[in-house]
1. Among the residues of the stretch A:406-432, what is the count of those that are within 14 Å of ligand 1 (Cβ to nearest atom), part of a loop (DSSP other than H, G, I, E, B) and crowded, with 23+ Cβ neighbours inside 10 Å?
2. Would you confirm whether any residue within the stretch B:82-90 is modelled with pLDDT of 95 or more, surrounded by fewer than 24 Cβ atoms within 10 Å (Cβ to Cβ) and small (Gly, Ala, Ser)?
3. Filter the stretch A:286-305 down to the residues that are in a loop (DSSP other than H, G, I, E, B) and modelled with pLDDT of 95 or more and list them by number.
4. So, of the residues in the stretch A:269-321 that are of a type in the set (S, T, N, Q) and more than 25 Å from A:Ala485 (Cβ to Cβ), which turns out to be surrounded by the fewest Cβ atoms within 10 Å (Cβ to Cβ)?
5. Could you identify the single residue in B:Val151, B:Val165 that is under 22 Å from B:Pro285 (Cβ atoms) and crowded, with 20+ Cβ neighbours inside 10 Å?
6. Just give me the residues in the stretch A:50-80 being within 16 Å of ligand 1 (Cβ to nearest atom), hydrophobic (A, V, I, L, M, F, W, C) and more than 14 Å from chain B (Cβ to nearest Cβ), in sequence order.
7. Quick check on A:Arg342: is it surrounded by 20 or more Cβ atoms within 10 Å (Cβ to Cβ), touching a residue at least 60 places away in the same chain (Cβ under 8 Å) and more than 8 Å from chain B (Cβ to nearest Cβ)?
Amino acid sequence: MIDVIELRNITKIFPGIIANDDITLKVRQGEIHALLGENGAGKSTLMSVLFGLYRPEKGSIFINGQEAHIANPNDANRYGIGMVHQHFKLVHNFTVLENVVLGVETVHNGVLSMAEARKKVVELSKRYNLFVEPDHLISDISVGMQQRVEILKMLYRENNILIFDEPTAVLTPQEIDELMKIMKELISEGKTILFITHKLNEIKAVADRVSILRKGRLIDTVDVATTSKESLSEMMVGRKVMLEVEKKLAEPKEVILEVKNMSIKSKHHGKNAVHNVSFKVRRGEILCIAGIEGNGQTDLVYGLTGLSKLSSGEIHYKSVNLADKSIRYRSISGIAHIPEDRHKHGLVLDYNLAENLILQTYFTPKFQNKGFLDFKKIYTNADQVIQKYDIRSGNGSRSITRSMSGGNQQKAIVGRELETNPDLLIAVQPTRGLDVGAIEYIHKTLIDQRDQGKAVILVSLELNEVMSVSDRILVMYEGEIVGQADPAKISQQELGLYMSGSKREEVIE
Amino acid sequence: MKAFLAKPTVQKIVAALLSIFFGLIFGFLILLVASLLREKASYPFDAFYTIFTGGLRYTGLRGFGIILRFISPILLTGLSVGFAFKTGLFNIGASGQFVAGGFTAAYIAIKWTFIPLEYLWIVALLGAVLVGGIVGMISGLLKAYRNVNEVISSIMLNYIAMITVSNLISVIKDANNPSRTQPPLARIPTLGLDKIFGSNTADMGIFIAIAVALLIYVVLEKTTFGYELKACGYNRNAARYAGINDRLGITLSMTIAGALSGLGGALVYISAITKVFDSLLVLAPEGFDGISVALLGMSNPLGIIFSASFIAILKGAGPSLARSGFNDEVVKIMTAVIIYASAFSLIFREKLGALINRKGTKS
Ligand SMILES: Nc1ncnc2c1ncn2[C@@H]1O[C@H](COP(=O)(O)OP(=O)(O)OP(=O)(O)O)[C@@H](O)[C@H]1O
Ligand SMILES: [Mg+2]
């Protein structure tokens with residue numbers, strides 16, 4: 001078999017860190033080649049080198065046996081290389097079609113000619129079952145759809161080496177299944193795929209071979225069929241990882257939060273995004289809100305944390321009605337929030353890590369005196385959190401957050417919120433983009449919180465996480481709570497019926 | 001050495017110096033070409049020299065004293081633009097805030113005779129700060145509550161302020177000499193600087209401007225208030241998530257930016273500079289100089305002290321340059337090239353960073 005890509009002795013250095021250390025990687029024509037590695041191991045960096053976004057300090061790239069000089073993404077495109085980034089690169093106020101042709105527009109006599117492009121886009125979309133609407137605005141379509149637009153961009157450019165950087169981190173389980181199908185389809189057409197993911201199941205499901213990176217170095221490339229999940233995670237982290245969650249039975253205590261008839265208007269349509277929802281959360285339990293993305297979970301959390309106003313209803317928390325209280329009031333009274341979108345809400349990307357770690361507490365006596373920030377304490381605090389949550393970056397507490405790897409950004413948020421020692425933790429997709437080692441740690445911490453008598457609301461699209469971490473499940477469908485379940489007693493299939501709206505029952509407490 | 005060059009601050013300064021260098025080279029080329037085309041302009045080297053020294057055309061301290069009058073107003077408008085920029089806003093309205101503040105100061109210093117004379121200048125400055133702040137606040141409120149782009153609203157306010165002031169000039173016109181306004185009853189104290197420098201335009205204004213720059217630096221970099229404002233600027237959603245009142249933050253940022261420009265206006269109109277209000281409907285150039293100053297100073301208050309001084313020296317050279325036969329527009333072109341170059345400074349910085357890294361791995 002021929003190696004379509006050969007990366008030889010690639011070294012890429014960032015201030016304070018060797019992101020890729022003498023990596024040699026061979027990819028065969030027509031395979032799905034997975035990249036696995038801890039957060040910050042250098043996966044995105046290596047792929048960015050291949051795609052021409054970074055120039056390596058050392059090393060060379062061979063495409064089909066010929067040395068390739070890739071100085072920018074246009075060069076990469078000439079070699080047939082396309083990339084879907086961890087954080088998408090789409091123009092939000094452009095349509096799907098405009099985004100797809102951006103940079104390779106067909107021009108007749110200086111005038112854009114979209115008709116041909118449209119034909120090709122519609123054809124491609126049909127052939128690969130992508131179902132994209134060429135005239136929808138990016139800002140109006142779901143994350144899953146946006147990703148398909150990114151895929152379409154590569155297909156439109158007739159790329160045959162496709163790089164997917166954590167494509168499944170932002171997708172719903174259904175969307176993941178569909179993506180896997182699309183990937184197999186692409187392979188059958190003779191394309192080659194490089195696939196970064198933290199989910200061992202996905203590697204098992206589609207990949208032929210997998211390369212494992214640790215701390216910038218290539219550990220090994222192995223066949224997926226003959227390697228177990230356990231040994232994969234061991235190679236990657238360097239120790240044994242518990243893939244199953246261990247916990248004792250919950251001992252729910254008094255009610256800490258009671259939501260009564262909460263409704264929130266939708267920003268997109270005339271109906272309510274959250275409609276007449278009531279539920280209770282007790283100290284000492286992890287309550288999971290499950291559901292297919294877009295069924296009101298996001299808005300429910302916005303309502304609880306104060307990011308959205310309620311149109312009606314009450315939120316009783318420690319015997320205060322929070323409905324009209326500010327976001328600050330809620331966070332001071334012990335509610336912490338790990339937000340769904342780490343770049344939109346979770347971080348000020350242009351602040352350094354230490355500054356981000358005090359986002360919820362900068363005004364407390366711990367970090368300021370008479371309005372002046374106490375930088376000494378701010379940096380000591382950062383060093384402690386970095387240590388405790390194993391946040392890795394080039395310049396430690398002084399790293400600009402934008403330059404950190406996606407998983408380490410997430411760890412920073414999780415660490416910051418847990419360090420406020422909240423009575424009620426609202427965690428939305430807390431393990432999104434984390435490696436198995438970090439996931440193990442976060443799950444353990446959530447359970448610790450519970451065992452200390454704190455309450456946790458977990459919102460997750462990941463059924464595995466829902467089933468293994470939570471003590472009680474509420475299912476949301478079209479803004480309403482349609483069912484309650486005990487994870488020990490319900491099967492994933494039955495849960496799926498609630499989530500898709502085929503089954504519902506009155507939830508009475 | 002390598003560690004030193006790798007520091008972001010050092011790279012920023014080097015990049016700014018490179019921009020200045022390009023601007024100067026370009027200016028010199030223009031002088032060369034002009035000297036070939038124009039008979040009167042025959043000494044390009046002398047002219048180039050004049051660009052730096054012309055501002056200090058009176059030798060010694062006197063020249064220095066005169067240049068001070070150019071520094072303080074653009075230092076403040078530069079701070080105004082730079083402060084807004086650091087908090088994620090683009091204040092193009094410095095010009096309007098500047099005249100509004102200047103007029104208010106002049107009006108108070110002429111008409112408010114009920115205030116004891118020794119305090120009058122202070123009240124005039126405060127009035128300028130207040131009115132400049134209000135003009136800025138309008139853009140801030142529009143942005144915070146109605147999501148109106150502050151660039152648009154502040155450009156519009158430039159004209160509104162200019163036209164309003166030119167209609168109000170008649171109130172403070174000198175009855176005997178209608179082409180002038182009445183002289184202010186109180187001026188900014190000179191603290192004896194006029195004696196030291198031998199120029200009556202040297203007054204306390206420069207100290208006020210520098211003190212304000214230091215204050216702004218401290219507010220932005222050391223206080224929780226600055227932390228909040230910058231968070232609103234960098235990522236409004238994250239600021240809201242952290243419980244910061246983002247609307248208040250945006251409104252306050254623009255208000256402070258306006259107040260700074262307003263103060264800049266006061267420093268001009270109640271000093272010995274005796275600048276008169278234009279009824280010709282021209283936007284105050286100090287406002288736009290503020291944009292150049294802020295860009296070259298990379299919005300850092302300390303950087304702005306230097307960039308304001310530098311640009312003031314260049315501007316001051318205009319008349320002398322004209323006397324040696326060259327067009328004083330050369331100075332404006334040079335300033336423009338420097339600003340363009342500093343807009344590219346990000347590229348310089350990246351190249352510089354790459355160069356340092358490359359060297360680092362070889363050795
Ligand atoms: N532009 C940059 N500037 C400085 N450091 C960077 C930059 N990009 C990445 N790094 C650093 O290089 C290291 C590798 O980052 P990279 O994004 O490749 O990790 P990753 O393996 O993709 O991790 P994750 O699974 O979290 O996405 C990290 O420590 C990161 O902080
Ligand atoms: Mg990555």
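The values are calculated or read from the model by the stated rules, or taken from the named source; none is laboratory data. Keep in mind that this is a model prediction, so the values were computed, not measured. With ideal geometry, Cβ positions are generated from the backbone for all residues, glycine too; neighbour counts draw on all protein chains shown. In case anyone asks, the SASA skips ligands and DNA or RNA and just uses the protein heavy atoms, side chains included. Shrake-Rupley method; radii C 1.70, N 1.55, O 1.52, S 1.80 Å.
1. So the answer is 1.
2. Within the stretch B:82-90, none of the residues are modelled with pLDDT of 95 or more, surrounded by fewer than 24 Cβ atoms within 10 Å (Cβ to Cβ) and small (Gly, Ala, Ser).
3. none
4. Within the stretch A:269-321, the subset of a type in the set (S, T, N, Q) is A:272, A:276, A:278, A:295, A:297-298, A:305, A:308, A:311-312, A:319, A:321.
Going one step further and asking which of them are more than 25 Å from A:Ala485 (Cβ to Cβ), we end up with A:308, A:311-312, A:319, A:321.
Values: A:Ser308: 18, A:Ser311: 15, A:Ser312: 13, A:Ser319: 8, A:Asn321: 13.
Selected residue: A:Ser319.
5. When all the criteria are applied, what remains is B:Val165.
6. Scanning the stretch A:50-80 gives A:Leu50, A:Phe51.
7. yes
One line per residue, one yes/no per condition, for (1) hydrophobic (A, V, I, L, M, F, W, C); (2) facing chain B (nearest Cβ under 10 Å):
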| position | (1), (2) |
| --- | --- |
| A:Val301 | yes, no |
| A:Leu307 | yes, yes |
| A:Ser326 | no, yes |
| A:Gly346 | no, yes |
| A:Tyr351 | no, yes |
| A:Leu359 | yes, yes |
| A:Lys370 | no, yes |
